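Notes follow once the structure below has been shown.
Bear in mind that the values in this text are calculations on the coordinates, not laboratory data. Note that this is a predicted model, so its numbers are computed, not measured. When we count neighbours, we look across all protein chains shown, and the Cβ atoms used for this are built from the backbone with ideal geometry, even at glycine.
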Amino acid sequence: MGSYDEIFRKSIEEPVAFWKEAAESIDWHKKCDRILDDSNPPFYRWFPDGELNTCFNALDRHVRDGRGDQNALIYDSPVTGTITSFTYQQLLDKVAVFAGALRRIGVGRGDTVIIYMPMIPEAVVAMLACARLGAIHSVVFGGFAANELALRIDHAKPKVIISASGAMEGKKTLAYKPLLDKAMEMADHKIEKCVIYQRPFVTATLNAGRDLDWQELVASAAPADCVPVKATDPLYILYTSGTTGMPKGVIRDNGGHAVALYWSMKYIYNVAPGDVFWSASDVGWVVGHSYIVYAPLLMGCTTVIYEGKPVGTPDPGAFWRVIEQHKVKILFTAPTAFRAIKKEDPDGVYCHKYDLSNFKCLFLAGERLDPDTYHWACSLLDRPVIDHWWQTETGWPIVSNFFGIEHFPTKPGSPTKAVPGYDVRILDPDGNDLPPHHEGEVVIKLPLPPGTLASLWQADDKFISAYTSRFPGCYLTSDGGYKDEDGYIFIMGRMDDVINIAGHRLSTGAMEEIIATHPAVAECAVVGTDDALKGQLPVGLVVLKAGATEAAEDIGKELVQMVRDKIGPIACYKTTAVVPRLPKTRSGKILRGTMRSIANGKDYRMPSTIDDPTTLDEITETFYHLRVPK
Ligand code: COA
Ligand code: AMP
């Protein structure tokens, strides 16, 4: 296999040879002669003349190669008391028939389809059926409100929406259809057809002519074959929070994605066909796309779809029960899940009740892994705990320790070293490489490896302005960090208006846009503050209009409701503080970065351009009072 140094060197110095070899693990309808098209930077295209079908690689080829009777997917839903499994043959049959049903209602190659579904097998079936037809799916996380869904409908312009009647969120029953109807009413783009999967505990009312019942539709459908697509054709669009209310539509292609994910399963996660891989995330996030759906199936593993929480469904032993029952080899989740378990079961009493002998390694990502949680997980599990850093944009890890190459000694607080394919640099504001231990902007030298974002949907200009114009020749991650003398990379957090709440990426800018519409609010800033459970939580600082008479407490409650209604409960917006003014530069720019430092008790340098330094004292006092328990 070779050492990390050898593999990494080859990936950076000979990327074409490196990825050509990696591409051999994928079944191509037409093999490519060219590996990288670099004629139009900063847009790079991997495997430009290759053709394949991602669904074929995820399902059909395993059945062809004799894995038809192996489990492809285990659905474990403590919230509904259901456990079912599907072999590769069964999953293939379901996907082929659903693809046939979608084709009958007009979905074909290049069409966009929105999927708004809870964690049920049908969400995976819907994604793979789109891939089978060469259609482009865009999955929207169930915790987003109608307004967020409407934004995505207008931007992705889907021909069809696939949804379910509802979900069980912990102990709550949520009806999805009213949200979906509201979103479709709000959106300008009109949807031709909706396919609704009815769940037994909540029934959706179907609008005749537009809405179709999933079961009825598939009952009369004929299976559809895989449609070969170009490697560079989009497989999916995944919207992710940027710095404004309009999310960015990350485009993932078919070829690079399949090659990179397969490679990652072998070298990062060290899994082989037949292994059980469980990513306790949601199909609405990038972790769900890559490591619940595509990567485990591309590798011929068994993936677990878990509809539940780490705690409360029914207890903090939920994860250990799933690991024992399904013989999970690798668990991948967010540090928040572990903090939630630690809070309820600090001594690991529940954990020790289960047989975890098949469980080999824990992977964590989505937010910073704090050293306390790392040490707790290590001592509880007594097996490798790997932190790895990546983003929706990259689709697979940028910095990681390795379970498949060399396992380096861990330095808590660092996700370890650059993954082969990623030339990670730390730059000062002028674009110069910084020496070890100097914190700066974390960038990746272009071209990014296969599987990373090809561009932003319908927005090549935004791709350039968001990612490649700041430091030409490099991709801007928007995270700050540093390297040490051994090449370990430390990620210190976002340098923009994006925050991470329970491993979920949200935009403070989007929250500000909503808060600013309250009639009593003159101006506002939303700042991410450290939280012991969820990593970060948003706090709104608002300046009221002169003459506003409403009580601050009432305004706070209204703002909570507004953010819930517009973004969704997942934004976890709960705290508002009224302040006399916001700190600004002399040109009127709000000093958000300085407020972030104050909010989290970090040292900061007094900005030379500040208009009135006393405003910072006011903000310090506000956060002091917010931290003091009432
Ligand atoms: N659909 C609808 N609503 C959802 C939802 C979904 N799929 N997921 C979450 N929500 C709602 C919750 O019900 C909650 O609503 P509420 O304010 O009305 O109670 C709100 O969004 C916040 O959810 P969450 O952050 O999940 O908080 P919680 O208190 O319900 O649970 C944890 C706390 C720690 C158990 C939970 O955050 C968790 O499991 N975290 C791990 C995150 C994770 O795996 N991330 C994956 C990224 S890799
Ligand atoms: P998302 O696009 O939702 O995956 O969020 C990406 C952001 O989450 C990154 O830019 C980081 O700020 C943060 N992040 C993800 N994984 C890690 C990690 N292992 N360590 C530190 N931050 C992380």
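Details
- Label point at LYS343 placed 7 Å out along Cα→Cβ; residues across region 294-315 whose backbone nitrogen lies under 15 Å: 309-313, 315
- Here ARG321, ARG45 are placed in order of increasing Cβ neighbour count within 10 Å, fewest first, which gives ARG321, ARG45.
- Going by neighbour counts of Cβ atoms within 10 Å, the residues LYS534, LYS602, LYS462 line up, fewest first, as LYS602, LYS462, LYS534.
- FRET efficiency, 1/(1 + (r/R0)^6) with R0 45 Å, evaluated for PHE201 and ARG470 via beta carbons: 0.40
- Taking the fewest neighbouring Cβ atoms within 10 Å as the starting point, the ordered list for ASP497, ASP530 is ASP530, ASP497.
- Fraction of beta bridges assigned by DSSP in the chain that are antiparallel (%, nearest 5): 60
- Taking each DSSP H run with n ≥ 4 as -39500 (n - 2.57) and averaging over every residue of the chain yields -8000 deg cm²/dmol at 222 nm.
- Within the straight-line cut-off of under 24 Å between alpha carbons, the lysines reachable from LYS534 are LYS171, LYS172, LYS248, LYS309, LYS342, LYS343, LYS411, LYS557, LYS566, LYS574, LYS602, LYS630, sequence neighbours fewer than 8 places apart in one chain being disregarded.
- Our estimate of slack between LYS353 and VAL543, defined as 0.36 nm per intervening residue step minus the Cα-Cα distance, is 63.2 nm.
- Rounded to whole numbers, the Karplus 3J(HN,Hα) couplings from phi for region 129-146 are 5, 4, 4, 5, 8, x, 7, 9, 8, 9, 8, 10, 4, x, x, 8, 7, 4 Hz, using 6.51 cos²θ - 1.76 cosθ + 1.60 with θ = phi - 60°, and x at Gly and Pro.
- Spin-label pair GLU14-ARG34: with each label point 7 Å from Cα along the Cα-Cβ axis, the two points sit 2.2 nm from one another.
- Near-label residues of region 160-194 by backbone N, under 18 Å of a point 7 Å along Cα→Cβ of ASP315: 171
- Cross-link reach list, lysines versus LYS159, counting only Cα pairs under 17 Å and skipping chain neighbours closer than eight places: LYS190, LYS193
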